[in-house]
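So the structure is just underneath, and the comments pick up after that.
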Amino acid sequence: MSYTLGLDIGIASVGWGLLAEDHIIDLGVRAFDKAETADRGESLNLARRMARLARRRLSRRAQRLKKLARVLKRHGLIADAGFFLPDNPYADKEKNLWQLRVEGLNRLLAPEEWARVIYHIVKHRGFHWISKAEEKRAEADSKGEGGKVKQGLTGTCKLMEEKNYRSPAEMLLREIEQDKLTAFRNKRGDYTNALSRVLLSEELKNLFEKQREFGNPYADVALETEILGNGDRKSGLFWQQKPALSGEQLLGMVGECFLERQFGRRVKRAPKASFTVERHIWLTRLNNLRIVVDGKLRPLNDEERKVALLLPYAQENSLTYKQLRAELIASGLLAENSFGFSGLSGNTENPENEVLIVLPAWQILRKKLKAKGLATEWQSMAGAAQAGNPQQLDEIARVLSVYKEDEEVGRELRKLSLPGGEKMVAALSELSFDKFSNLSLEALHKILPFMEQGQRYDEACVFAGYHHSQLQKPGSEKEKYLLPLYSGRGDKGQMVFRDDLDIPRNPVVLRALNQARKVVNAIVRRHGLPVAVHVEMARDMTNPLSGYWVKNGKRVIKGKGDKYIEGRRDIEARQKEYQAQNQMIFDGFIEVFGKKPKKGELEKWRLYKEQNGKCAYSLCPIIIENLLHDNYYEVDHALPYSRSFDDSKSNKVLVLSKENQEKGNRTPYEYLTAFPGGEDGERWRGFVAFVEGNKNYRQAKRNRLLKK
């Protein structure tokens, strides 16, 4: 039996239905636990991962301090490496170590006192940015945790300069004595007392110099070098730190391009900040874009695409549908109000204010280089990229995505022979990127020429010799079934992802797709292969549990001009609200008419209540006894369905049958302004007053009803 398979894939269930030509064969749902915590919507592995990271951090600190104790013993400051253990009965624990650090600038310290000062500073060695880029990013995010740390570090440095304190210890001690601070340490989420590692290294260096002046035999240069290093902020126990994941180590964690794997080539994925990757994203959006002209849906033609293609690169930030409309009209290609964009949500006051595309890396590079006086050099590289030579921008993105430490970044950037020389290197060293695409530059260079001609991504893949989805080899029984996502287990018992499939790493998505695979394979085993498969897009699968604010494509704390992205909790709350409203409407229908509503009757009753018992066009009272008779009242699409393809509740009104017939295939504006007086006539002005004064109408519905 031939059948169509329908799937509704969610984060905790997979609904399925089998439909023959004239009946439902079977249907059901498979429910499963979400791959996240119920209270905070976090990954199930997050708590274990955070605890593991804390254990590693504490273990590394313990190893560092153990090495320090051995060094101090070797240099004769302490008799035993266990001197600093909590249960050591011989250590003088009465003295305040902060006070002792200040006294070290004024007098000779005893060997054990000097050992405790060194140990205290090395143990609590302050915060250190791994690169200029990390510091600049934190500085820009003033409301995030990184921004708060940056503000705290800046504040303590400024306080030391203003009051001429000799060391951080002296500053904290005096500020506490003056009741301006309550504690030496920061409390959770408060970085008022934040101290930089650089500042503390200067304090320790100063202490070594002072102790040598006072004749301390244990403050020699050899011990100072062993602890503080040679000044490169890397060598020495004080600076000892596991290096950031960078270079070849980082590339080892990057996945491989699944298109190139079809030919047995193992090629790493491209950085998302690459010009080529952002160009691919923009061409995908542009080639999938559809406009409605004279009631017909079509893509942009060649002339329209030529105008649109350049727009994102000329914007200060993102490109909106409204800006694209304005450019198409200004170019004389389309007349004002002669077309609309398909697929807009309609949830905002003006749907065309939605963002069509934003090129984050392009904008970040442009702003940074212009701010550093490198506008001419930027124009040179940007112009070459848009003309089909993006190698320089792609290489810059590779370096800033793969290398993390300043020294490495500078070394790799100098290899690129960039315009502007050292000034360009210094400017780019303040930037860093960290995300990678699913495709490699090799694959994109083959696909993009076809996409530049207007072909969709799937079409371009075929012309480039790839297949964007089907990776199984025909001719085997296994072709009937969806392949498993794992190839087996690794040495430590962990599941290993297949190499020949492009598998998402989001745990919520991964579990949902794995469960959907089981459902589909079970259906195929019982009923054979379907003739077609329809999948409802589960847009909430990658949504976070709670909503967040964004600006220029980045998450921010709420501010002016920022956009709110709904989380699943927001959507669930709205769904519950709608459910309660629908139940009230249902109960009200039964109370008035004494029966359960049939098909279409509940919609009429809902619109009757929403319109306060008036016909939407004539504003005549609706006689409730005749409400359910089509000869008297009908539901109309305000914006004709044949022209708008809009079947939403926001596009439906209840009107007299006579009004609906006379309106025909026109919009409310076209219909009501045809009466005497036009826009200044009684019919249109009365309609506008009714729509704007109806508190039951949401803004999306007002926009549709008053659309000109």
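Numbers for the structure displayed
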item: Separation of the residue 469 and residue 696 label points, Cα + 7 Å toward Cβ, nm; result: 4.3
item: Shape parameters for the stretch 95-175, alpha-carbon atoms, Rg then Dmax in Å; result: 15.5, 46
item: Farthest toward positive dipole pole in the chain [+1 Lys/Arg, -1 Asp/Glu at C-beta], among 410, 319, 619; result: 410
item: Dipole moment magnitude, nearest 20 debye, the chain about Cα centre, only Lys, Arg, Asp, Glu C-beta charged; result: 1740
item: Globularity index of the stretch 143-264, i.e. its alpha-carbon radius of gyration over 2.2 N^0.38 Å; result: 1.55
item: Relative contact order (%) - the chain, alpha-carbon pairs under 8 angstrom, separation at least six; result: 14
item: For the stretch 16-119, alpha-carbon Rg over 2.2 N^0.38 Å; result: 2.31
item: Cα-only Debye scattering, the stretch 562-708: base-10 log of I(q)/I(0) at q = 0.10 Å⁻¹; result: -0.39
item: Residue 341 long-range amide H proximity, modeled H, under 5 Å; result: 292
item: Cβ-placed point charges (K, R +1; D, E -1), dipole of the stretch 347-441 about Cα centre in debye, nearest 20; result: 320
item: Estimated distance in nm for a label pair at residue 60 and residue 8, the labels positioned 7 Å out from Cα along Cα-to-Cβ; result: 4.8
item: Gain on full stretching of the segment that runs from residue 140 to residue 230 - 0.36 nm per residue minus C-alpha separation; result: 29.2 nm
item: Nearest-ten-degree value, helix 302-314 long axis tilted from longest Cα axis of the chain; result: 30
item: Whole-angstrom Cα spans of the chain along principal axes, big to small; result: 108, 67, 56
item: Model label zone, residue 416; criterion: amide N under 17 Å from point 7 Å along Cα-to-beta-carbon; scope the stretch 356-376; result: 360-376
item: Highest to lowest packing among 24-31, 166-173, 7-14, 371-378, scored as the average C-beta count within 10 Å; result: 166-173, 7-14, 371-378, 24-31
item: Gyration tensor (Cα) of the stretch 280-346, equivalent ellipsoid semi-axes in angstrom; result: 18, 14, 12
item: The stretch 642-695 shape via C-alpha gyration tensor axes, a/c threshold 1.5; result: oblate
item: Extension gain (nm, one decimal) between residue 80 and residue 176, 0.36 nm per residue minus Cα-Cα; result: 31.2 nm
item: Computed FRET value (nearest 0.05) for residue 499 with residue 602, which takes r as the C-beta separation and R₀ as 56 Å; result: 0.60
item: Rounded if a/c under 1.5, otherwise prolate or oblate - the stretch 162-222, Cα gyration tensor axes; result: prolate
item: The chain: angle of helix 145-163 to the longest principal axis, Cα-based, in degrees nearest 10; result: 40
item: Residues whose placed amide H lies under 5 Å from that of residue 652, excluding near-sequence neighbours; result: 638
item: Cβ-derived FRET efficiency at R0 56 Å, residue 641 paired with residue 39, nearest 0.05; result: 0.80
item: Label-to-label distance, nm, for residues given as residue 445 and residue 205 (7 Å Cα→Cβ offset); result: 4.6
item: Centre separation in Å (Cα based) which lies between the stretch 212-282 and the stretch 376-443; result: 17
item: Rounded accessible area per residue of the chain, 1.4 Å, Å²; result: 56
item: Cα gyration tensor shape of the stretch 628-673, rounded if a/c is under 1.5, else prolate or oblate by comparing a/b with b/c; result: oblate
item: The chain: angle of helix 441-452 to the longest principal axis, Cα-based, in degrees nearest 10; result: 30
item: Value of relative contact order over the stretch 173-254, rounded to a whole percent, pairs C-alpha under 8 Å and six or more apart; result: 13
item: The stretch 381-534, Rg to Rh (Cα coordinates; Rh as Kirkwood inverse mean 1/r); result: 1.10
item: Difference of contour (0.36 nm per residue) and Cα-Cα distance, residue 456 to residue 387; result: 22.8 nm
item: Proximal charge balance of residue 323 [Cβ under 15 Å; K/R count +1, D/E count -1]; result: -3
item: Lysines whose Cα lies under 18 Å from that of residue 599, excluding same-chain neighbours fewer than 8 positions away; result: 609, 649, 652
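The values are calculated or read from the model by the stated rules, or taken from the named source; none is laboratory data. It should be emphasised that the depicted structure is a prediction, and the values quoted were computed from it without experimental measurement. So basically every Cβ, Gly included, is an ideal-geometry build from the backbone, and we count neighbours across all protein chains shown. Protein only, heavy atoms only, side chains kept; ligands, DNA and RNA dropped before computing areas. Shrake-Rupley method; radii C 1.70, N 1.55, O 1.52, S 1.80 Å.
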